[in-house]
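The values are calculated or read from the model by the stated rules, or taken from the named source; none is laboratory data. What you see is a predicted model; the values in this text were computed from it and never measured. With ideal geometry, Cβ positions are generated from the backbone for all residues, glycine too; neighbour counts draw on all protein chains shown. Note: areas computed on protein heavy atoms with side chains; ligands, DNA, RNA excluded. Shrake-Rupley method; radii C 1.70, N 1.55, O 1.52, S 1.80 Å.
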Amino acid sequence: MKKILGITFIMVFCHLKLYSQTDIAYEIRNINLEIRQSRMIPYNHVKLVFSHLKNKVVVKIESNTGEDSEKWDYSRINKTFNISIEDFLELKNSLEKIELKDIFKVAEYSYKDGYVNSLSYGGFGGTVSLKFQTPSSRTQERGIEDYLKACILILKKGRFEDSVIKKILQVENL
């Protein structure tokens, strides 16, 4: 009986916490996407950071390989550049389409291989952090279609070519 009450309390608390986070008004000023592959050598660890400053958006990209060989040098990236405010607003709009309450359609999901995808965004009022293993697998069933679309758009705004995005996210179509 205590176990049932404990589980019920946790479920109610999580439910309240989820809805309380969606009601907070905040300005998205920073977007971070990090992708870690377990078995892929090129683009083994990719990190993009978008920072909306006063009148510009700075993008910092880092990409490392899973093996120290010149063969994979094309996937080693360490660069910084600016994008337009309009491009950042497009990213912001894609993030705002993610319905947090829909994400937890499948409570249990395990994948023996793949990649870990971490996305966080927010500003001075708080940060939303989401982390999924291989979001390109069973995407619709898991309720993370908008999440994956946002990740694709982030990589596009990070100036990755479509063929590289398909490889990094393990998707067939963009």
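Some notes on this structure:
- Spacing of the two label points (7 Å from each Cα toward its C-beta) at Lys60 and Ile103, in nm: 2.3
- Whole-percent carbon and sulfur share, accessible surface of the stretch 40-174, 1.4 Å: 46
- Nearby aspartates and glutamates by direct alpha-carbon distance to Lys71 (threshold 20 angstrom, same-chain neighbours under 8 apart not counted): Glu62, Glu161
- When the inverse distances between all different Cα atoms of the stretch 29-73 are averaged and flipped, the Kirkwood radius reads 11.7 angstrom.
- Sorting 59-68, 122-131, 41-50 by their mean Cβ neighbour count within 10 Å, with the most densely packed peptide first, gives 41-50, 59-68, 122-131.
- Estimated dipole of the stretch 62-174 in Debye, rounded to 20 [Cβ of Lys and Arg +1, of Asp and Glu -1, Cα centre]: 140
- Pairwise FRET efficiency - Glu141 versus Ile77, Cβ, R0 = 30 Å, nearest 0.05: 0.35
- Set Lys101/Lys166; Lys47/Lys97; Lys60/Lys157; Lys56/Lys149 screened for pairs whose C-alpha atoms are more than 20 Å apart: Lys101/Lys166; Lys47/Lys97; Lys56/Lys149
- Rounded accessible area of Glu99 (nearest 10 Å², 1.4 Å probe): 80
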